[in-house]
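The values are calculated or read from the model by the stated rules, or taken from the named source; none is laboratory data. All of these numbers come straight from a predicted model, not from anything done at the bench. Positions of Cβ are generated from backbone atoms using ideal geometry, with glycine treated the same way; all protein chains shown enter the neighbour counts. In case anyone asks, the SASA skips ligands and DNA or RNA and just uses the protein heavy atoms, side chains included. Shrake-Rupley method; radii C 1.70, N 1.55, O 1.52, S 1.80 Å.
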Amino acid sequence: MIPHDYIEELVRRSDIAEVVGGYVQLKRKGRLYAGLCPFHNEKTPSFYLYPETQSFYCFGCGAGGDVISFIKQIEGLSYPEAVKFLAERAGMPAPEEDDGAGRMRSRILSMNKEAARFFHACLNSSADEAALARAYWRRRGLEDRTIARFGLGYAPNDGQALYRHLRDKGYTQAEMDASGLFKRSQAGRIYCLFWRRVITPIFDLRGNVIAFGGRVLDDSKPKYVNSPETMVYHKSETVFALQMAKKSPSRRYVLCEGYMDVISMQQAGIDTAVCACGTALTQGQVRLLSEYADEVILCYDSDEAGQKATARSLDLFRQTQLQVGVLTIPGAKDPDEYIKKYGPDRFRQLLDGAAGALDFRLARAKGRYDLAQTAQRLEYIRAAAAILADGTTPTERELYAGRVAEETGLSRTAVLAQVEDAARAAGARRRAERRKELIHSGEMDTLKLPRGQNGQGALGVVSAVRRLVTAALRQPDLLPQIAAGLAPENIPVDALREGYEAILAAYRAGREVNLGSISGLLSDDAVHELSAAAAEYSDVPCTPQDIELYLARALRSAPLSAQAAALSADEVAERLQRLAQRKGAAAPGEED
């Protein structure tokens with residue numbers, strides 16, 4: 001756990017406006033700052049900084065937190081790494097952690113780096129098997145400088161070689177067990193997960209080795225072996241080669257299907273080539289790409305599996321503001337093969353002519369029908385109308401309706417009528433789904449209601465509690481009055497209660513009360529809840545009379561809070577002391 005005093009000093013030296021201003025062009029608006037959100041694409045600023053609470057919040061995408069949270073999200077770091085990042089910026093010595101999880105994470109990263117060096121050294125050794133591995137990489141068209149740049153290597157046939165090497169370097173059995181580098185045989189013998197394979201290291205955004213991918217030299221099975229999930233590797237949140245691509249001035253990224261495609265493209269000078277780690281693109285990887293790209297071109301294999309993957313990926317990207325294109329690769333099964341056959345210049349021409357997402361969806365739909373048959377032609381028109389009805393602009397509908405009309409021999413007016421019918425039906429479905437979601441989402445789904453309490457009363461209680469907790473965060477001088485009337489156990493929203501407990505603990509311990517000073521004790525949900533509440537009520541300071549009013553509303557349906565309101569000052573002080581001791585003894589969870 002990083003000491004509280006250290007975090008307080010770090011937050012004091014890391015003014016949120018100065019830190020965020022290094023990433024976002026900010027404009028002063030009264031007491032606040034506003035700018036375009038770096039976490040999603042937007043044209044009108046909805047991203048605000050609140051110097052009073054040293055917090056930020058985006059009303060467009062909901063991102064929020066303190067200065068440490070901002071660095072975590074923008075740089076893709078864990079909490080301890082974000083603290084170290086800011087400490088280096090502020091000229092502070094690195095924090096001394098006594099958190100066992102933090103030490104283990106650091107040791108695994110160090111071990112992975114050592115393992116990558118070992119694999120690379122094995123590739124360049126004089127052993128016969130190393131020569132075969134080098135021949136494999138060169139057969140794939142890779143130059144020596146590319147092999148070195150990506151840290152490619154070879155895991156030897158001796159399944160215990162890496163184990164002995166790391167043990168001699170001083171790594172413990174527990175650390176090696178947590179690394180994901182080893183497995184145990186039924187007899188209990190430890191061996192390297194990647195033995196007898198060429199190795200591709202996987203890096204995080206800061207250049208740390210977090211995982212590996214291994215491939216056999218022949219066609220034996222399994223062909224590929226990848227690192228499992230570990231403390232440092234979460235494949236659904238990792239994009240291969242993004243640490244390289246983010247250095248490019250280009251904001252057009254090329255999303256490939258596999259490591260080899262990426263390496264081949266990067267060697268050919270296409271420096272924004274990346275691919276998803278794992279078997280399929282995830283929402284987390286899309287969010288990560290959205291932080292660096294304005295445009296993404298999907299460049300998957302031309303077989304049926306690749307086309308299905310393209311369709312799935314397009315669905316994920318529809319939730320973003322990114323411009324998305326789809327590349328068709330003629331005369332080759334994948335980008336790697338095309339570049340080898342025709343060269344990088346021809347491939348760049350393909351990228352410049354990449355089709356749009358609508359072109360891909362319509363072409364894929366058209367391929368399922370025989371337009372020479374009337375019945376199937378009608379089915380295609382219905383399928384095309386459904387595609388054009390879903391999130392397209394009027395201009396796109398006009399343009400593509402004309403194309404569908406030409407393909408089917410129908411008039412544009414008739415096709416547009418089908419599109420409008422499909423749009424109305426889709427709108428009705430979305431409204432029904434939204435009503436269903438509202439029933440099971442938001443504050444009402446997190447409330448722990450006393451028996452017989454209705455939803456309207458519960459929402460009134462939550463609104464009052466949010467105002468009280470926000471006042472506690474923004475106006476700590478009101479905390480004695482708030483604490484005397486509001487007990488944490490009476491807050492019906494988990495994240496809000498967690499935030500309130502941390503505020504009380506900081507106040508009782510004599511520490512500064514702001515989001516930065518307590519965020520290390522909080523879950524992401526609680527940080528988000530506090531930053532959202534602070535943003536919502538940023539222009540509404542409270543008076544002691546306001547606090548009495550909100551307490552009366554919060555206590556109206558909460559018997560335990562009524563008991564808390566009757567506590568003496570000594571009892572309140574005792575409760576705060578117990579709370580501070582409990583929070584002080586708990587180590588914060590490390591968030592990746």
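Taking region 12-22 as the search range and keeping residues that are within 24 Å of the chain's Cα centre (by Cα) and surrounded by 14 or more Cβ atoms within 10 Å (Cβ to Cβ), which one is nearest to Ala90 (Cα to Cα)?
Ser14
Just give me the residues in region 543-566 being at pLDDT 85 or above and part of a loop (DSSP other than H, G, I, E, B), in sequence order. Working first, answer last.
Within region 543-566, the first condition is being at pLDDT 85 or above, and the residues that meet it are 543-552.
Across region 543-566, the qualifying residue is only Thr543.
Residue-by-condition table, conditions (1) under 31 Å from the mean Cα position of the chain (by Cα); (2) within 30 Å of Ser106 (Cβ to Cβ); (3) at pLDDT 95 or above:
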position: Leu132; (1), (2), (3): no, no, yes
position: Arg139; (1), (2), (3): no, no, no
position: Arg149; (1), (2), (3): yes, yes, yes
position: Asn157; (1), (2), (3): no, no, no
position: His165; (1), (2), (3): no, yes, yes
position: Asp168; (1), (2), (3): no, yes, yes
position: Leu181; (1), (2), (3): yes, yes, yes
position: Tyr191; (1), (2), (3): no, yes, no
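Identify, please: which residue in region 296-323 is in a helix (DSSP H, G or I) and free of Cβ contacts under 8 Å to residues at least 40 places away in the same chain and is, among those, surrounded by the fewest Cβ atoms within 10 Å (Cβ to Cβ)? Lay out the reasoning, then the answer.
Of region 296-323, the ones in a helix (DSSP H, G or I) are 304-317.
So of that shortlist, the ones also free of Cβ contacts under 8 Å to residues at least 40 places away in the same chain come out as 304-305, 308, 312, 315-316.
Working: Glu304: 8, Ala305: 11, Lys308: 13, Arg312: 12, Asp315: 11, Leu316: 17.
Out of the qualifying residues, it is Glu304.
Can you name the helices (runs of 4 or more DSSP H) wholly within region 462-538 that have at least 2 residues being open to solvent by 20 Å² or more (accessible area, probe 1.4 Å), out of contact with any His (no Cβ under 7 Å at 6 or more places or on another chain) and modelled with pLDDT of 85 or more?
Numbers: elements: 479-485, 494-508, 515-518, 524-536.
Filter on region 462-538 gives 479-485, 494-508, 524-536.
Let's see how each residue does on (1) touching a Leu at 6+ places or on another chain (Cβ under 6 Å); (2) of a type in the set (A, V, I, L, M, F, W, C):
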residue	(1), (2)
Thr238	no, no
Tyr259	no, no
Gln266	no, no
Gly269	no, no
Tyr300	no, no
Asp303	no, no
Thr310	yes, no
Ile339	no, yes
Gly343	no, no
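Go through region 203-238 and give me each residue that's under 25 Å from the mean Cα position of the chain (by Cα), basic (Lys, Arg) and surrounded by 16 or more Cβ atoms within 10 Å (Cβ to Cβ).
Lys235
Identify, from the list Gln481, Gln475, the residue that is of a type in the set (S, T, N, Q) and within 18 Å of Ser517 (Cβ to Cβ).
Details: Gln481 fails: within 18 Å of Ser517 (Cβ to Cβ).
On inspection, the qualifying residue turns out to be Gln475.
Do we find a residue being assigned to a helix (DSSP H, G or I) and open to solvent by 30 Å² or more (accessible area, probe 1.4 Å) anywhere in region 89-96? Give the steps one after another, and end with the answer.
Step one: filter region 89-96 for residues assigned to a helix (DSSP H, G or I), giving 89-90.
Right, trim to open to solvent by 30 Å² or more (accessible area, probe 1.4 Å) and you get 89.
Yes: region 89-96 contains one or more residues that are assigned to a helix (DSSP H, G or I) and open to solvent by 30 Å² or more (accessible area, probe 1.4 Å).
Please specify each residue of region 380-416 satisfying the condition of being assigned to a helix (DSSP H, G or I), open to solvent by less than 50 Å² (accessible area, probe 1.4 Å) and either free of Cβ contacts under 8 Å to residues at least 24 places away in the same chain or not β-branched (Val, Ile, Thr) (or both).
Tyr380, Ala383, Ala384, Ala385, Leu388, Arg397, Tyr400, Ala401, Gly402, Ala405, Ala414, Leu416
Say whether the condition of being under 16 Å from Val19 (Cα atoms) and surrounded by fewer than 19 Cβ atoms within 10 Å (Cβ to Cβ) is met by at least one residue in region 55-66.
No, region 55-66 has no match at all.
Among (1) without any contact (Cβ under 8 Å) to a residue 40 or more places away in the chain; (2) not in a helix (DSSP H, G or I), where does Arg377 come up short?
(2)
Any residue in region 242-265 that is modelled with pLDDT of 90 or more, β-branched (Val, Ile, Thr) and over 22 Å from Lys340 (Cα atoms)?
no
Can you give me the number of residues within region 269-295 that are open to solvent by less than 30 Å² (accessible area, probe 1.4 Å), assigned to a strand (DSSP E or B) and not β-branched (Val, Ile, Thr)?
Total meeting the criteria: 3.
Is there any pair linking a residue in region 69-89 that is within 16 Å of Leu49 (Cβ to Cβ) to one that is in a helix (DSSP H, G or I) and open to solvent by 20 Å² or more (accessible area, probe 1.4 Å), with Cβ under 6 Å and at least six apart or on different chains, and which?
Here the result reads Ile71/Phe85, each pair linking region 69-89 to a residue that is in a helix (DSSP H, G or I) and open to solvent by 20 Å² or more (accessible area, probe 1.4 Å).
Please verify whether region 341-363 includes one or more residues that are over 33 Å from the mean Cα position of the chain (by Cα), in a helix (DSSP H, G or I), buried (at least 16 other Cβ atoms within 10 Å of the Cβ) and touching a residue at least 40 places away in the same chain (Cβ under 8 Å).
Checked region 341-363: no residue is over 33 Å from the mean Cα position of the chain (by Cα), in a helix (DSSP H, G or I), buried (at least 16 other Cβ atoms within 10 Å of the Cβ) and touching a residue at least 40 places away in the same chain (Cβ under 8 Å).
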